[in-house]
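Participant: Sharing a structure here in structure tokens format.
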Ligand SMILES: Nc1ncnc2c1ncn2[C@@H]1O[C@H](COP(=O)(O)OP(=O)(O)OP(=O)(O)O)[C@@H](O)[C@H]1O
């Protein structure tokens with residue numbers, strides 16, 4: 001069928017899409033309208049149905065009912081290829097590039113310019129350079145993907161999306177979760193360029209400040225249902241939160257801990273490879289200590305060393321006046337250190353196992369009686385966490401892999417919440433978590449600190465790190481370049497130090 005070329009027709013229109021997974025109604029009567037030249041935020045809490053909706057749009061899954069119209073033409077996608085052919089492209093959160101190919105080769109994979117039947121590398125690199133220059137991305141076309149940072153790889157994915165003439169609808173699913181502030185700003189200008197070219201961008205993020213910065217319209221899903229839509233400039237932050245969560249939230253940062261003078265963790269001259277250069281700091285009882293820095297500055301590596309995932313080449317780690325030697329993750333746990341890693345899928349969760357098992361795995365000694373794991377005790381503890389963090393699930397028997405991204409994050413955090421560690425290391429603890437559950441996590445952090453524990457939190461979200469930390473240590477190129485008291489600092493000062 002030929003498209004109706006009426007410019008008033010929305011670029012994309014979704015009507016009444018529904019999808020059930022077993023007993024779970026993930027999406028019911030989803031509605032969505034995307035206009036040409038607009039950046040449209042799709043907002044909703046964890047488990048609201050956003051990913052399900054995007055998967056339908058991308059042709060990954062088929063809806064039980066509903067219609068997809070692009071430029072007024074009905075589509076029903078049986079595969080991702082069919083969706084791509086219809087002009088839909090996604091900038092993947094989990095990057096899909098081939099590490100040993102160059103930036104240019106990755107962007108034009110399968111569509112390389114040829115000369116006499118062979119790939120024309122000169123033209124390939126020239127095309128790529130022009131594309132990257134247009135976007136103001138300082139990345140070399142001939143660099144292998146494996147040598148780029150995650151942020152740079154994400155920028156290449158955006159360039160790739162733009163390189164498809166046919167790609168009119170670009171989906172960004174939590175694109176800033178793995179990149180820092182500076183790169184996020186670059187990405188935002190790139191998205192604005194895409195919109196100026198008449199493309200439509202669907203933007204999903206739990207970071208509301210971003211939505212207000214770049215989106216011009218929004219649609220809200222809650223509990224699998226379409227709630228409302230409108231222009232961004234007709235709504236404020238409080239109202240948006242209320243629509244997403246279904247209730248009002250006062251004081252987004254629930255901070256009520258008070259650091260003491262007693263040191264519970266001391267790190268002296270910690271060094272590793274070329275990545276960490278003689279780092280020393282103290283963590284006080286009752287304190288929430290923020291670690292800030294650009295991606296690759298050494299924040300995460302420092303936590304990896306304290307938890308024994310990596311072995312330091314030099315330096316000392318002292319917890320409650322006890323020097324730890326040859327730390328491994330299991331000895332770290334025995335000494336009261338717990339670690340919520342940055343990548344919950346790789347190092348945090350067993351996706352095929354139940355929520356109950358995932359929550360209790362670090363406290364088997366507590367749930368075991370006479371050498372046997374007590375299912376009852378496990379169940380009770382799992383239910384406590386499900387309630388505490390409002391994990392959206394039918395029951396604790398569900399495999400964690402079936403949960404939405406934000407709910408998976410709550411499970412892994414719940415695991416550590418139960419053992420009440422002396423020192424809790426948190427790397428991007430609220431990644432992918434909705435604004436309501438964020439507050440519960442902040443409350444939990446404050447309560448833990450109030451009980452006399454210490455927390456180190458890495459966060460790339462400026463408002464979060466300033467809102468929740470007592471002090472912030474700033475990292476750059478594997479070194480500490482500054483320390484700020486949060487009471488007297490601001491976002492600009494923090495960024496200036498880090499950059
Ligand atoms: N394969 C599946 N099997 C069973 N349930 C599923 C499956 N995929 C999603 N669900 C359920 O569907 C609901 C909607 O999930 P979805 O991933 O679409 O939410 P979301 O809005 O993207 O959340 P988040 O912000 O946390 O990523 C959730 O209750 C989730 O547990």
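The values are calculated or read from the model by the stated rules, or taken from the named source; none is laboratory data. Predicted model only: the values in this text are computed from it and were never measured. So basically every Cβ, Gly included, is an ideal-geometry build from the backbone, and we count neighbours across all protein chains shown.
Matching residues to (1) touching a helix residue (DSSP H, G or I) at 6+ places or on another chain (Cβ under 7 Å); (2) over 23 Å from residue 206 (Cα atoms):
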| residue | (1), (2) |
| --- | --- |
| 272 | yes, yes |
| 280 | no, yes |
| 307 | yes, yes |
| 332 | no, yes |
| 341 | yes, no |
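Participant: Going by the structure shown, is residue 323 without any contact (Cβ under 8 Å) to a residue 24 or more places away in the chain, in a strand (DSSP E or B), exposed (fewer than 13 other Cβ atoms within 10 Å of the Cβ) and more than 16 Å from the ligand (Cβ to nearest atom)?
Facilitator: yes
Participant: Taking the conditions exactly as written (more than 20 Å from the chain's Cα centre (by Cα), assigned to a helix (DSSP H, G or I) and away from the ligand (no atom under 16 Å from the Cβ)), does residue 381 satisfy them or not?
Facilitator: yes
Participant: Looking only at the stretch 384-405, which residues are near the ligand (Cβ under 10 Å from one of its atoms), touching a strand residue (DSSP E or B) at 6+ places or on another chain (Cβ under 8 Å) and assigned to a loop (DSSP other than H, G, I, E, B)?
Facilitator: Residues satisfying the conditions are 394, 398.
Participant: Picking from 164, 206, which residue would you name as being in the same structural domain as residue 85 (by TED's automatic domain parsing) and over 26 Å from residue 45 (Cα atoms)?
Facilitator: After applying the criteria, what remains is 164.
Participant: Next up: Check the stretch 410-425 and report whether any residue there is within 12 Å of the ligand (Cβ to nearest atom) and either under 14 Å from residue 359 (Cβ atoms) or free of Cβ contacts under 8 Å to residues at least 12 places away in the same chain (or both).
Facilitator: yes
Participant: In the stretch 406-499, which strands (runs of 3 or more DSSP E) lie fully inside it and hold 1 or more residues that are surrounded by fewer than 21 Cβ atoms within 10 Å (Cβ to Cβ)?
Facilitator: 471-476, 479-485
Okay, residues lined up against (1) within 16 Å of the ligand (Cβ to nearest atom); (2) free of Cβ contacts under 8 Å to residues at least 60 places away in the same chain; (3) part of a loop (DSSP other than H, G, I, E, B):
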| position | (1), (2), (3) |
| --- | --- |
| 36 | no, no, yes |
| 41 | yes, no, no |
| 46 | yes, no, yes |
| 54 | yes, no, no |
| 59 | yes, yes, yes |
| 63 | yes, yes, yes |
| 67 | no, yes, no |
| 78 | no, yes, yes |
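Participant: Tally up the residues in the stretch 85-110 that are in contact (Cβ under 8 Å) with a residue 24 or more places away in the chain and either in a helix (DSSP H, G or I) or farther than 30 Å from residue 64 by Cβ (or both), please.
Facilitator: Number of matching residues: 13.
Participant: Just to be sure before I move on: is residue 444 at pLDDT 90 or above, in the same structural domain as residue 361 (by TED's automatic domain parsing) and within 30 Å of residue 221 (Cβ to Cβ) in the structure I sent?
Facilitator: yes
Participant: Here's something else I'd like to know. Report those strands (runs of 3 or more DSSP E) wholly inside the stretch 160-274 carrying at least 2 residues which are more than 16 Å from the ligand (Cβ to nearest atom) and buried (at least 18 other Cβ atoms within 10 Å of the Cβ).
Facilitator: Answer list for the stretch 160-274: 169-173, 200-204, 263-272.
Participant: Please go through the stretch 6-26 and pick out each residue that is outside any loop (DSSP other than H, G, I, E, B) and within 17 Å of residue 229 (Cβ to Cβ).
Facilitator: Passing the criteria: 12, 13, 14, 15, 16, 17.
Participant: Looking at (1) away from the ligand (no atom under 14 Å from the Cβ); (2) in contact (Cβ under 8 Å) with a residue 40 or more places away in the chain; (3) in contact with a strand residue (DSSP E or B) (Cβ under 9 Å, 6 or more places away or on another chain), which one does residue 355 not meet, given that it meets all the others?
Facilitator: (1)
Participant: Then there is this: Is there a residue in the stretch 88-103 that is more than 16 Å from the ligand (Cβ to nearest atom), assigned by TED's automatic domain parsing to the domain that holds residue 190, closer than 16 Å to residue 170 by Cβ and crowded, with 17+ Cβ neighbours inside 10 Å?
Facilitator: Taking every residue of the stretch 88-103 in turn, at least one turns out to be more than 16 Å from the ligand (Cβ to nearest atom), assigned by TED's automatic domain parsing to the domain that holds residue 190, closer than 16 Å to residue 170 by Cβ and crowded, with 17+ Cβ neighbours inside 10 Å.
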